[in-house]
Amino acid sequence: MANPDGAAETKRVFRGTLIHATREEAAKVLEDALLGVDADGKIAFIGEGKELHRLSKEFAFSPSSVIQLEKHEFFMPGMVDTHIHAPQYSYAGTALDMPLLDWLNTYTFPVESRFKDQNFAREVYTQVVKRTLRNGTTTACYFATIHTDSSLLLGHIADKLGQRALVGKVCMDRNNSVKHYKETIQESLEETRRFIAELLEKKYALVKPVVTPRFVLSCSSTLLGQLGQLAKNNNLHIQSHISENVEEVKIVKEMFPDSDSYTDVYHKHNLLTNKTVMAHGCYLSDEELALFRETGASLSHCPNSNISLCSGLLNVRNVLNHKVKLGLGTDVAGGYSASMLDAVRRALDTSKILTVQDPEHVTLTFEEVFRLATLGGSQALSLDSQIGNFEVGKDFDALRVNVTVPGGPIDLIEHDKPKIILEKFLNLGDDRNIVEVYVAGRKVVPSSEKLLY
Ligand code: GUN
Ligand code: ZN
């Protein structure tokens, strides 16, 4: 992996506090730890600070540098945004005054139709990739628009700036609000095949295609079925939306009276696999969650969007009890913030509101939500063999967090322990505290990369 200056990365050892999620512990703290990163960006070993000499010898690892973290710094795994609409970043923070279906017709489709223009696409996509990286999103699962070349541009920009990404050219053959913002079935399939072929041809190390039917209301049954087949034949990721809003669920039921549920509609079209991530799922029944579990499909919880569009409140505890994989998503721009720290806070708020409504509800802890933002997201995207925590052999996707940056948003009391420091960062921190971001060992923030066109 080349670094931004073009030179090969060298072997490095970091020494200091590490905090990550494991199978056993939602937020495991390792104080004065060592983490060795190989020249290919993979984690070579983890150990105790005092073992530097022994571990370097045991792993025949002669680092070019040993980097010591400062007192109030720690490394955590990079955050995984399991659901974000790159074109909608252009109006993030505005236009949240109506429910989902009206919102799509009034704001979303008119804006997305502008992404036929590659200059506009380049400008917005560069901004969204830079913004999310700066805020600690090392992996993003993007919806683009129906436009193949602009969607390819998003892949190029993510690769150039060093973000790990799944990129989807949106498929939709139904929409009654914006005349040209839809495809025929044939166009949608041909352009999706072209998108996948051209993206794979680039051989980007970290950017992959994802088959993206927008949602049931935007796609005919024929298109859904063909996309399911395409994903199956090529073992591709799939993303879409499900059960976000009451009105949407009602219309889907009317359209597919022979299906048992919204989930069953996707299942019958071969769109529920262990590489599928569905956004929202606020109104899924226990039977539907059982089908998610059975097929290995996952959910993306997007709490800012669910609240901003008054869509609903997902009961994450119930989803986890069903052992369905779940990550967090910003859902920009139904969600107004591109920061995964915001998704963490809104997920905690949502869980607390559910406890207000039902005192029996077991509120999520900040450690559990930390796990969802990192390891949970990697599982939801079926990338957990590569990323999600600091297991040896995984890629080094990490944030160097400093909670005491001058002028920053956090005050510490002298003896705050690492768990308290993590909690303060999750609740109060922002991009000023994320002093470095690494993806596959490459330092992408701060970056000397210039996007030249
Ligand atoms: N359902 C179908 N399309 C969209 C979208 O762009 N945003 C959200 N939040 N839900 C959707
Ligand atoms: Zn969405």
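The values are calculated or read from the model by the stated rules, or taken from the named source; none is laboratory data. The shown structure was predicted, so the numbers you read here are calculated from the model rather than taken from an experiment. Cβ: placed from backbone, ideal geometry, glycine included. Neighbour counts: every protein chain shown.
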Sole residue being outside the structural domain of Gly136 (by the TED database), touching a Phe, Trp or Tyr at 6+ places or on another chain (Cβ under 9 Å) and farther than 30 Å from Val319 by Cα, chosen from Asn427, Asn402:
Asn402
Sort out which residues of the range 125-150 are more than 16 Å from ligand 2 (Cβ to nearest atom) and either within 20 Å of Phe195 (Cβ to Cβ) or among the charged types (D, E, K, R) (or both), and write them in order of number.
Tyr125, Thr126, Val129, Lys130, Arg131, Arg134, Thr139, His147, Thr148, Asp149, Ser150
Among the residues of the range 180-189, are any in the same structural domain as His301 (by the TED database), under 19 Å from Ile84 (Cα atoms) and either surrounded by fewer than 19 Cβ atoms within 10 Å (Cβ to Cβ) or not β-branched (Val, Ile, Thr) (or both)?
no
Among Asp331, Asp384, Asp395, which is the only one that is among the acidic types (Asp, Glu) and within 16 Å of ligand 2 (Cβ to nearest atom)?
Asp331
Can you tell me which residue in the range 58-99 is farthest from ligand 2 (Cβ to nearest atom), limited to those that are in contact with a strand residue (DSSP E or B) (Cβ under 7 Å, 6 or more places away or on another chain) and part of a helix (DSSP H, G or I)?
Tyr89
Just the residues that are among the aliphatic types (A, V, I, L, M), within 16 Å of ligand 1 (Cβ to nearest atom) and over 20 Å from Val332 (Cα atoms), please, taken from the range 141-188.
Val178
Return the residues of the range 338-361 that are surrounded by fewer than 21 Cβ atoms within 10 Å (Cβ to Cβ), in contact with a Ser or Thr (Cβ under 9 Å, 6 or more places away or on another chain) and assigned to a loop (DSSP other than H, G, I, E, B); say none if nothing qualifies.
His361
From the options Leu422, Leu364, residue that is under 23 Å from the mean Cα position of the chain (by Cα), surrounded by 19 or more Cβ atoms within 10 Å (Cβ to Cβ) and part of a loop (DSSP other than H, G, I, E, B)
Leu364
Would you check if there is a residue in the range 86-99 being crowded, with 20+ Cβ neighbours inside 10 Å, touching a residue at least 12 places away in the same chain (Cβ under 8 Å) and farther than 30 Å from Thr145 by Cα?
no
Is there a residue in the range 264-274 that is closer than 24 Å to Thr108 by Cβ and aromatic (Phe, Trp, Tyr)?
yes
State which residue is nearest to Pro303 (Cα to Cα) when the search covers only the range 217-248 and only residues that are assigned to a helix (DSSP H, G or I) and within 15 Å of ligand 2 (Cβ to nearest atom).
Glu248
